[in-house]
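Okay, structure first, notes after.
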Amino acid sequence: MFDPKRLLEDFLGNGSASAGRGQTGIGDMLGGINRQKAGTFAAGAATGGLIGLLLGSKKVKKLGGGLLGYGGAAVLGGLAYKAWQNYQQKQGALATAPAARSSVPAAGVPVLPAPADSPFDPAHGTSSDGRPFALALVRAMISAAKADGHIDAEEQTQLFARIEELGLDAEAKAFVFDELGRPANLDAIAALPNGPEQAAEIWLASRLAIDPDDVREKAYISALSAKLNLPKDLVAQLEAQVSAAAPVAAAG
């Protein structure tokens, strides 16, 4: 079995977390590609890993130059964790949650990761299908990124060709190709989380993979929140974390 955590990091663009381990992220691998020839997919990947390939340069720019690439999976878990804490506090249930690690950071200060023993750590836990939760997050982002139908046959061929160059092992590559070949499936994604914390993080990952100004993608993320049974106040907190953290990524 391939390493789900590594795939998630490569998908997001592992940022500083990867650098600290001496690993090379997908964004680094694509850094030498002639962007004029490679097109928007390579330009996006250079700022945000495989998610950049899916989104294209226009959406990556809207995310502040690669929000997730700024810190990889740690940012994803940290944002979801903080949103959950804020929601619990408003519900008067903070006493049952661990102490806050970080608020929305000031410009240039990275988002701290969620505690390792919390359901928000993408490296731990399993989804409802019994597979590592990191894979559920990858599936959610791929499905959301395809919600606007912008990946046509020609672009999919380009995308597959780029992935072939990235050095993923055979199992990881097969997993990504299988997910890319599936149509967006809200019901399948909504069935993945084990508990409300995972549901919140799946929604957040999906939200980071869409353009909220696109009508089709806005409808997708709205329908996903309903199928995940997320309270409106929690969705508002998750959205606030995305909005507040995007300038941090740009500043970094």
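Readers should treat all values here as calculations from the given coordinates under stated rules, not as data from a laboratory. Since the structure is predicted, the reported quantities are computational estimates derived from the model, not experimental observations. All Cβ positions, glycine included, derive from the backbone under ideal geometry; neighbour counts span all protein chains shown.
A few points about this structure:
- Placing a pseudo-label 7 Å from each Cα along the Cα-to-Cβ vector at ASP117 and ASN229 gives an inter-label distance of 2.7 nm.
- Between the amide H of THR126 and those of PHE133, distances stay under 5 Å, these residues lying 5 or more places away or on another chain, with hydrogens modeled in the peptide plane.
- The mean of 1/r over all pairs of different alpha-carbon atoms in segment 176-232, once inverted, gives a Kirkwood hydrodynamic radius of 11.8 Å.
- From phi via Karplus (6.51, -1.76, 1.60), per-residue ³J(HN,Hα) for segment 222-235 in Hz, x at Gly/Pro: 5, 5, 5, 4, 5, 5, 7, 6, 7, x, 4, 5, 5, 4
- Of LYS173/LYS232; LYS82/LYS146; LYS5/LYS90; LYS82/LYS218, those spanning more than 30 Å from alpha-carbon to alpha-carbon: LYS173/LYS232; LYS5/LYS90
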